Amino acid sequence: MAQHNLFSALRAAFPKDLDQIAVETDNGLNYSWRDLDRASAMLANLFESLDIPKGSRVAVQVEKSVEAMMLYLATLRAGLVFLPLNTAYQSAEIEYFVGNAEPAVVVCSSANFGWVSKIAFKAGTRHVFTLDDDRTGSLLARAAHHSDQHTPTVQQADDLAAILYTSGTTGRSKGAMLSHGNMLSNAVMLKDYWGWKPGDVLIHALPIFHVHGLFVAIHGALLNGSKMIWLSKFDPQRVITHMAQATVFMGVPTLYVRMLNEPSLTREAAKHMRLFIAGSAPLLIETFNAWIERTGHTILERYGMSETVMLTSNPYAVDARYKGQSERRGGTVGFPLPGVSLRVRGDDGHNLPVGEIGGIEVKGPNVFHGYWRMPEKTKEEFTSDGYFKTGDVGKIDERDYVTIVGRSKDLIISGGYNVYPAEIEGYINDMPGVAESALVGVAHPDFGEVGVAVVIAKAGAQLNADQIIAQLKSQLANFKIPKKCFVVPELPRNTMGKVQKNLLREQYKSLFL
Ligand code: MCA
Ligand code: AMP
């Protein structure tokens, strides 16, 4: 691949007629391809005027907007490293990310400028801008003074393009370093694998601070020169209405569940669509089947990670490499994508035969360059022959389909967002009167899985479950808050004294069903 700057590759795929509409928003704004090009050039020129070294981080916590996407493109264009942050994160979370990544630039909403800038300046960041979802803020005001022409920086395939914070298998959040080459190779391969065609239109309804909405969806559309119908927030009814003008949709399972609750989801409503893609969390077979029944479309489920972008996918068309199969099989995540080697290994480090369950390990041009400033952690997560240990547990069947059956990492995926029990337990354990706590994931009809906290009090202390929840709400992103909290006399333990979370999961499994 001659082209290494991801932006340049995306730019090369823009249609010849730059005045065509590239993005149509749900509040009636149209952005042309020329707008994307010019605005990202102005923002890249602003960055260059700041005289910060190539490879500096640009940390961004802003509401979803087309300008926020332009900011991402400008960051790539200028050879800087994009660090997207969930808008739900609160001050302690932001303080950790900014302190760890030491960004040269921080961009936040004007409502949060007071506390975010304080954190940023303390961490040594010199430039803090604001960007709101109504096309205002100091970032755009400053960029307006810069030229709309810009030559993208030359990048090597291994140069960093983004850092995504994720907890991996254990412990504190780690910044997964993704390069231009990681993302470009994945995007180019998926364009072909998912059969992107001229005339495709993507409904973009996901947040743009994680891999799914930021990379898989945006890169897919831009690399195909495809228009995006841009929803600032997921709304099932609006997505269904837009299906008449669109062909591709990507969502986490919760989005499909919520659309199935709408009577307006019919074959007729979905007849213009070509492809529905799901991922980020397990898609229940009931949802997969109900979708076929209601719309006549078979959802294509795929599997990925922040550390690897996309790893496996059910086939779009006949896949000659996998016994000529084209079936999208519910409950599976399909085949390893072209270029990805995937194996299932037992605890003894040996490859397992067909059908046996073990740890999923992967290798390929999509696999990240390690955790930011954590060489030891990085080393632990790779095998001696260079495979990344995903922390997912699964099997490969005789037809080569991969199925994920669980996770060895202690992780709850709620509505497509990751919740790390150790982090929440840490906050609960710090509360006065708490002796110990355990957070477990249980099934939930809307979010797939949600956290339930089980807490024991110190001798003589009185604890109130509602107060524990209220306290967490003041400290953590809203999706991390346990949906229920129980104060109990003791936690189940094995003979080694370790809390048996499986017994707690069993005990509370029907809480929301
Ligand atoms: C919102 N709430 C949640 C979640 N989202 N609770 C648990 N899990 C969630 N995911 C709670 C809030 O705390 C709040 O509770 C109440 O729901 C309403 O909040 P609101 O923001 O209005 O909710 P919403 O707009 O209905 O959001 C639900 C959502 C959203 C649309 C499903 O969570 C979402 O966009 N999820 C997609 C995440 C995603 O893009 N993941 C991709 C990661 P209260 O009222 O009590 O405060 S990338 C990835 O995983 C890999 C690489 C991959 O393979 O793609
Ligand atoms: P993240 O850390 O946000 O990148 O989340 C990655 C994790 O999401 C993976 O390690 C899997 O556990 C999970 N995941 C992604 N796609 C799927 C899927 N289709 N089915 C089950 N789990 C998935």
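Share of carbon and sulfur in the accessible area of region 283-390 stands at 53%, probe radius 1.4 Å. The residues of the chain present an accessible area of 41 Å² per residue when probed at 1.4 Å with all protein chains retained.
Please say if region 85-132 is rounded, prolate or oblate, where rounded means a/c under 1.5 for a ≥ b ≥ c the square roots of the C-alpha gyration tensor eigenvalues, and otherwise the choice is prolate for a/b larger than b/c and oblate otherwise? Oblate is the answer for region 85-132, as a/c is 1.5 or above yet b/c matches or exceeds a/b. Computed on the Cα atoms alone, the convex hull of region 43-182 gives a volume of 107 cubic angstrom per residue. Listed peptides 414-420, 444-450 appear in the order 414-420, 444-450 once ranked by packing, highest mean of other Cβ atoms within 10 Å at the front.
Pull out a ≥ b ≥ c, the square roots of the eigenvalues of the alpha-carbon gyration tensor of region 331-377, then state rounded if a/c is under 1.5, prolate if not and a/b is larger than b/c, and oblate in the remaining case. Taking the square roots of the gyration eigenvalues as a ≥ b ≥ c, region 331-377 is oblate.
Counting only protein chain heavy atoms and rolling a 1.4 Å probe, the accessible areas of 165, 72 rank, largest first, as 165, 72. Legend: distances between Cα atoms for 363/473; 174/498; 395/480; 363/483; 122/484; pairs beyond 27 Å are 363/473; 395/480; 363/483; 122/484. For region 244-284 versus region 446-513, the spacing of their alpha-carbon centroids is 33 Å. Across region 1-125, the volume of the C-alpha convex hull divided among the residues equals 122 Å³ per residue. Solvent-accessible area of region 106-225 (1.4 angstrom probe, protein heavy atoms only): carbon and sulfur portion equals 55 percent.
Under the convention that each Lys and Arg Cβ holds +1 and each Asp and Glu Cβ holds -1, the size of the dipole of region 216-286 around its Cα centre is about 180 debye.
Taking a threshold of 26 Å on the Cα-Cα distance, which of the pairs 64/191; 54/191; 271/509; 233/501 fall above it? Among 64/191; 54/191; 271/509; 233/501, the Cα-Cα distance tops 26 Å for 54/191; 271/509; 233/501.
Values of log10 I(q)/I(0) for region 456-513 across q = 0.30 Å⁻¹ run -1.15, by the Debye formula with one identical scatterer at each alpha carbon and no solvent.
Of the residues 212, 439, 13, the one whose Cα sits farthest towards the positive end of the charge dipole of the chain is 439 (charges of +1 on Lys and Arg Cβ, -1 on Asp and Glu Cβ, taken about the Cα centre). Shown for region 446-513: the carbon plus sulfur share of the solvent-accessible area, taken with all protein chains present and a 1.4 angstrom probe, equals 50%. For the pair residue 157 and residue 461, the difference between a 0.36 nm per residue extended length and the Cα-Cα distance amounts to 103.7 nm. Shape verdict for region 361-445, please, from the Cα gyration tensor: rounded (a/c under 1.5), prolate (a/b greater than b/c) or oblate. It is oblate, given that a/c is not under 1.5 and a/b is not larger than b/c. Our summary of shape: the Cα atoms of the chain have principal axis extents of 68, 57, 51 Å, ordered from largest down, in whole angstrom. Cα centroid distance between region 84-139 and region 33-62, in Å? Going from one Cα centre to the other spans 16 Å. Approximating the spin labels as points 7 Å out from Cα along Cα→Cβ, the residue 347-to-residue 285 distance works out to 2.8 nm. Here the dipole of the chain is about 100 debye; that uses its Cα centre as origin and unit charges on the Cβ of Lys and Arg (positive) and Asp and Glu (negative). If a spin label sat at a point 7 angstrom from the Cα of residue 111 along the line to its beta carbon, the backbone N atoms of region 233-266 nearer than 15 Å would be those of 233.
Indicate, rounded to the nearest 5 percent, the antiparallel portion of the DSSP beta bridges found entirely in the chain. Of those bridges, close to 60 percent are antiparallel. Let me test this: with uniform point scatterers at the alpha carbons of region 173-242, what is the Debye-based log₁₀ I(q)/I(0) at q = 0.17, 0.18, 0.27 1/Å? Calculated log10 I(q)/I(0) at the listed q: -0.68, -0.75, -1.24. The dipole here belongs to region 294-430: it is taken about the Cα centre, uses +1 on the Cβ of Lys and Arg and -1 on the Cβ of Asp and Glu, and is about 580 debye.
The values are calculated or read from the model by the stated rules, or taken from the named source; none is laboratory data. Because the structure is a prediction, the values reported are computed rather than measured. Ideal geometry is used to build each Cβ from the backbone, glycine not excepted, and the neighbour counts take in all protein chains shown. Just so you know, the surface numbers come from the protein's heavy atoms only, side chains and all, with ligands and any DNA or RNA stripped out. Shrake-Rupley method; radii C 1.70, N 1.55, O 1.52, S 1.80 Å.
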